[in-house]
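Heads up, the thing below is written out as C-alpha cells.
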Amino acid sequence: MCEVFMNFEISEFMHRKEKNYIEYSYKRQGYYCYNGGPKVSKTLIIGFGNLLMGDDGAGIHAVRRLAAFPLPAQVEVIDGGVNSFAALTEIHNAAKVIFIDAMQGGGQPGDVYCLTLADFKALPSGGELSVHEFSLADTLYLYRQMGELPPVIIYGIEPANLDWGVELSPSIGAAVENVVSKVLSEIL
C-alpha cells in the first residue's frame, strides 16, 4: 500500500476512489505516504479548502464540479480537504499537477490567479496567500527540497467570505465555474 517516507509513521491511511475522483482523509494529521515508482503520464487536479468556512471551500467545489465531467483516464481529481500535505502523497508520480484553492492575493473577491511553479517560487513561504495553516507554498517548498516537481499550475480564487457557512458567495461561485472551464480546456 504505502511506503515509509522521510521516517514518518504511516498510520490509519484511508481513501475513497470513484472513477477519477479520490478523497483522502487521515485520522491523524501530518502522516502521509506515497507509492514510489516512475512518473506516469497522469494529470492530477487537486482542490483544497474547508467546506464549512464559506469561500474557503472554493477548491473543493471546483474539483467536485470537475469530477462530474467525463474525464480522460489519465486525469485524477483529488479532494485534498484542508491538508495540503496530502498533495505529497500523489504528486511524486504525476506528469502534471493542477492545484485549486482559495488564495488571498489582495485582489477583489472572485479574482482568479493563475500561477506556474516559476511564479510561485518567488513567493515567500509561510501562508501569506493561503487560508490554511500549512499552506500550499509550504508544501511546494518542502517538496522542492525532496526532489523535482512535475509541471505545476495553481489556480487561486480570491475569497469574499471566510466565516462559518457552507455556501459560496455569488462572485466566488462564478469564479469556480471560470476555473472549471479553464481546467477543462487544459485537459480535454
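The values are calculated or read from the model by the stated rules, or taken from the named source; none is laboratory data. The structure presented is a predicted model; accordingly, all values stated were derived computationally and were not measured. In this analysis, Cβ positions are derived from the backbone assuming ideal geometry, glycine residues included, and neighbour counts consider all displayed protein chains.
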**Q.** Top-ranked residue of the range 141-151 - restricted to ones that are more than 18 Å from TYR113 (Cβ to Cβ) and part of a loop (DSSP other than H, G, I, E, B), ranked as modelled with the highest pLDDT
**A.** PRO150
Q | Complete set of residues in the range 62-81 that are farther than 14 Å from ILE98 by Cβ and touching a strand residue (DSSP E or B) at 6+ places or on another chain (Cβ under 8 Å) | A | ARG64, GLY81
Q) Under the condition of being closer than 16 Å to ILE46 by Cα and assigned to a loop (DSSP other than H, G, I, E, B), which residue from the range 85-116 is modelled with the lowest pLDDT? A) HIS92
Q) Just one of ASP138, ASP79, ASP163 is among the charged types (D, E, K, R), crowded, with 17+ Cβ neighbours inside 10 Å, closer than 16 Å to GLY49 by Cα and modelled with pLDDT of 75 or more; which is it? A) ASP79
Q: Mind listing whichever residues of the range 152-184 are part of a helix (DSSP H, G or I) and of a type in the set (S, T, N, Q)?
A: SER171, ASN178, SER181
